[in-house]
1. Restricting to the stretch 1-58, name every residue that is surrounded by fewer than 16 Cβ atoms within 10 Å (Cβ to Cβ), closer than 30 Å to residue 94 by Cβ and among the charged types (D, E, K, R).
2. Restricting to the stretch 117-135, name every residue that is open to solvent by 60 Å² or more (accessible area, probe 1.4 Å) and either of a type in the set (S, T, N, Q) or assigned to a loop (DSSP other than H, G, I, E, B) (or both).
3. Against the condition of a type outside the set (Val, Ile, Thr) and modelled with pLDDT of 95 or more, how does residue 132 come out, does it pass?
4. Collect the residues in the stretch 91-107 that are surrounded by 16 or more Cβ atoms within 10 Å (Cβ to Cβ) and either among the small types (Gly, Ala, Ser) or modelled with pLDDT of 95 or more (or both), keeping them in residue-number order.
Amino acid sequence: MSKTINEVEETLRSVIESLIDGQEGFQKIGDNLKDETLKRCFLAESLKRAQFRGDLEEVLHQEGIHDVKEKGSVSGAIHRAWGDIKTKLGGGDHTLLETAEQGEDAAKKAYADAMQKELPLPIRQILATQAAHIQSSHDYVKAARDSRK
């Protein structure tokens, strides 16, 4: 494998890890939200993260990389556990939305870091499209959180 392929693999695996964290986080938070509209949005966003993950895994497969790691990050697991604790201590939708926004900040950073790398144009385009969606999702979560203060 060339250095470029290794860099692409490392970069995409990092983003995939973030997407797994987001997928699991949106699912868990969505399950605990009381507001039905937010619940549906969060569960839909969880599915969107799974789709993004699949898109990036497909790129890796096209590059000949078939052993794609299927787990999120340690920091994501800790973040979800912290969200569970907040929920069990009586945190309502506002608290859950704060936790979700922190997760979205991490996702934005993963994409920003990836976009700093020298990647082939088709991969950059996929990442840019996904990053734009992540930004919109972040803005939605932040607005929802702010409306519940």
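1. 31, 34, 35, 36, 40
2. Residues satisfying the conditions are 117, 118, 125, 129, 135.
3. Yes: the conditions hold for residue 132.
4. Listed by number, the residues that qualify are 91, 100, 103, 106, 107.
The values are calculated or read from the model by the stated rules, or taken from the named source; none is laboratory data. Keep in mind the model is a prediction, meaning the values are calculated, not measured. Virtual Cβ from ideal backbone geometry, glycine too; neighbours counted across all protein chains shown. Just so you know, the surface numbers come from the protein's heavy atoms only, side chains and all, with ligands and any DNA or RNA stripped out. Shrake-Rupley method; radii C 1.70, N 1.55, O 1.52, S 1.80 Å.
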